[in-house]
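**Student:** One structure, as structure tokens, below. Some questions next.
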Amino acid sequence: MKKIGLIAGSIQTESYAKNISQNLGMLLPSDFLPEIIKIDDLPLFSDHLSLDDIEECEAFRRSVSSVDGLCLVTPEINHGMPGCLKNAIDIASVSDNGSCWSGKPTLTLSVSTGPMGGLGASRDLKQVALTVGMEILQPSEIYLGTVQKMVNQNDILQGDAMTMDFLRLAITNLTKAVGGLDASRFAIQLNEKQLIFLDGEVTVGSCDFSLQNGMLTILKIQVKPAYRGRGVASQIMTRCLVFGSLFGLEIIPQCSYAQAFFEKHPSARKMLAQ
Ligand SMILES: Cc1cc2nc3c(=O)[nH]c(=O)nc-3n(C[C@H](O)[C@H](O)[C@H](O)COP(=O)(O)O)c2cc1C
């Protein structure tokens, strides 16, 4: 399964950039695995680092090197990208094998609570991204302005139809650039109450859920009869785990299929609500 690294240019706990990058992860099709690459604990780039700091940098370089593509989401501070993002890019631009960013298909987005969408930060980011060798994909002009109005109280992205189509196009371009088309690939949509698997326009299956106080309760998993026997329900459950992991949610399996899934997959039980 191809992996996409999600990097948000913010170290704030409550961050719109982090929030949008989690949601982009949920837009990836079923045969792609989103992975948050945190920049929060990186030291400042320098030739004089402690052993702990060196290990932190090495772990970050390994994470960047291990993914097949990237989504970089930057907020804007004083019309540029935040220092923490520039710092992270600098750290992974040097390794024994050169720049870890080199040749990575990358989507760049900017977010802003203002109407301009962080245009200055986006330009800044693209300039540096090119220098360190990222392969910047189209559309390269994605500016999400007044971002606070695009996410609901559960942090789920609810942009207007045009914005969502634009983001889906961007994600499609990323998956094409990364390659590895799986014959059983399904597109995924997330709304306030449902995770939906789509084959073109056809709804293949869905998960009804509720979200409250950091708990994701799985209410019902359904698969269209024509798609049964192809492991779709298991794929939907796997995406529920990804949802929980990206958004930091604990899981309550209420329906019998979800309960049986956790019986069969002991390693997933760490995600269960205590
Ligand atoms: C010192 C400072 C400068 C800022 N400069 C800009 C700016 O130039 N353009 C902009 O759109 N927002 C600006 N903002 C607003 C931030 O982009 C906003 O707080 C954003 O939510 C921070 O990103 P995060 O939520 O991902 O942490 C600024 C905020 C601060 C504190």
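**Student:** Against the definition (closer than 22 Å to D165 by Cα, modelled with pLDDT under 95 and surrounded by 14 or more Cβ atoms within 10 Å (Cβ to Cβ)), how does D53 come out, yes or no?
**Tutor:** No: the conditions fail for D53.
**Student:** Quick one: in region 19-39, which of the residues that are free of Cβ contacts under 8 Å to residues at least 40 places away in the same chain and not hydrophobic (A, V, I, L, M, F, W, C) is farthest from the ligand (Cβ to nearest atom)?
**Tutor:** The residue in question is E35.
**Student:** Further question on the same structure: Which residues, counting only those in region 1-18, are buried (at least 24 other Cβ atoms within 10 Å of the Cβ) and either among the acidic types (D, E) or near the ligand (Cβ under 9 Å from one of its atoms) (or both)?
**Tutor:** A8, G9, A17, K18, listed by residue number.
**Student:** Moving on to the next point. Go over the candidates L125, L167 one by one and state the one that is surrounded by 16 or more Cβ atoms within 10 Å (Cβ to Cβ), closer than 25 Å to G83 by Cα, assigned by TED's automatic domain parsing to the domain that holds S95 and touching a strand residue (DSSP E or B) at 6+ places or on another chain (Cβ under 9 Å).
**Tutor:** Residue meeting the stated conditions: L125.
**Student:** Does K176 satisfy the criteria of being under 18 Å from the mean Cα position of the chain (by Cα) and surrounded by fewer than 15 Cβ atoms within 10 Å (Cβ to Cβ)?
**Tutor:** The answer is yes for K176.
**Student:** Could you pull out the residue among Q222, Q212 that is open to solvent by 60 Å² or more (accessible area, probe 1.4 Å) and in contact with a Ser or Thr (Cβ under 8 Å, 6 or more places away or on another chain)?
**Tutor:** The unique qualifying residue is Q222.
**Student:** Being open to solvent by 40 Å² or more (accessible area, probe 1.4 Å), among the hydrophobic types (A, V, I, L, M, F, W, C) and more than 14 Å from the chain's Cα centre (by Cα): is that true of I36 here?
**Tutor:** no
**Student:** Scan region 146-155 for residues that are surrounded by fewer than 17 Cβ atoms within 10 Å (Cβ to Cβ), touching a helix residue (DSSP H, G or I) at 6+ places or on another chain (Cβ under 9 Å) and modelled with pLDDT of 95 or more and report the count.
**Tutor:** The number of residues fulfilling the criteria is 1.
**Student:** So, in region 243-255, exactly how many residues are open to solvent by 20 Å² or more (accessible area, probe 1.4 Å), under 21 Å from I20 (Cβ atoms) and not polar (S, T, N, Q)?
**Tutor:** 3
**Student:** Then there is this: For region 108-126, which positions are more than 17 Å from L167 (Cα to Cα), away from the ligand (no atom under 11 Å from the Cβ) and under 21 Å from the mean Cα position of the chain (by Cα)?
**Tutor:** Passing the criteria: L125, K126.
The values are calculated or read from the model by the stated rules, or taken from the named source; none is laboratory data. As the structure is a prediction and not an experimental result, all values here were calculated from the model. Note: ideal-geometry Cβ built from the backbone for every residue, glycine included; neighbour counts use all protein chains shown. Note: accessible area is taken over every heavy atom of the protein model, side chains too, but ligands, DNA and RNA are not part of it. Shrake-Rupley method; radii C 1.70, N 1.55, O 1.52, S 1.80 Å.
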